[in-house]
Amino acid sequence: MTKTLSPNLTQVTYHRIYMDAEGDSHFDVVTVEQSLARAAPPAAPFYVSEDRPASKYRFYTFEPGWIGELHPAPTRQFLALMSGAVEMKTTDGTVRRFGPGDLVLLEDTSGKGHLTRNIGDGYSTFLVVPVPAA
């Protein structure tokens, strides 16, 4: 049997909310390259990206119907949605919906910010990893 590699194995993508010079927020998609490495011997090689700084984590849980009106992020942070469904809206009017497994980097720590809404029937929980400024 011939093994074919999916192009997704060597790249990871995530969503990013950033602020422009006028304080408006926008979405972007970021791609991180990975390469096959023996990162945890004796385990078989797997795909790994370069290291990025992070030192702590927290969890955010939003009740059904929760709405976070327009607000800047409290810190530059990754949000990994673990359960539920949320919608985020930037000030340019773009709306994106996220479900379990989606990853968002919030960089709009000042300015007008973004809106977040729990759109599911249950609680939505994020794993949150604050990261230093790029």
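Please treat every number below as a calculation from the coordinates, not as lab data. As the structure is a computational prediction, the values presented were derived from the model and not from experiment. Note: ideal-geometry Cβ built from the backbone for every residue, glycine included; neighbour counts use all protein chains shown.
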Q: Among V29, Y60, P74, flag the residue with its Cα farthest along the positive direction of the charge dipole of the chain, charges on Cβ as +1 for Lys/Arg and -1 for Asp/Glu.
A: Y60
Q. Excluding D20 itself, what net charge comes from residues whose Cβ is under 14 Å from its Cβ, given Lys and Arg +1 and Asp and Glu -1?
A. -4
Q. Which trypsin sites (Lys or Arg not before Pro) does segment 56-112 hold that lie in a coil by DSSP with at most 11 other beta carbons within 10 Å?
A. K56
**Q.** Directionally averaged projected area (convex hull, Cα atoms, segment 79-134), nm²
**A.** 4.1 nm²
Q: State to the nearest 20 debye the size of the charge dipole of the chain about its Cα centre, where the only charges are +1 on K and R beta carbons and -1 on D and E beta carbons.
A: 480 debye
Q: Towards the positive end of the charge dipole of segment 8-130, with charges on Cβ (+1 Lys, Arg; -1 Asp, Glu), say which of T94, P41, Y123 has the farthest Cα.
A: P41
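What per residue convex hull volume, in Å³, do the alpha-carbon atoms of segment 8-130 yield?
Convex hull of Cα atoms, per residue: 122 Å³.
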Q: Pop a pseudo-label 7 angstrom from the Cα along the beta-carbon direction at both A39 and M82 and give the gap in nm to one decimal.
A: 2.0 nm
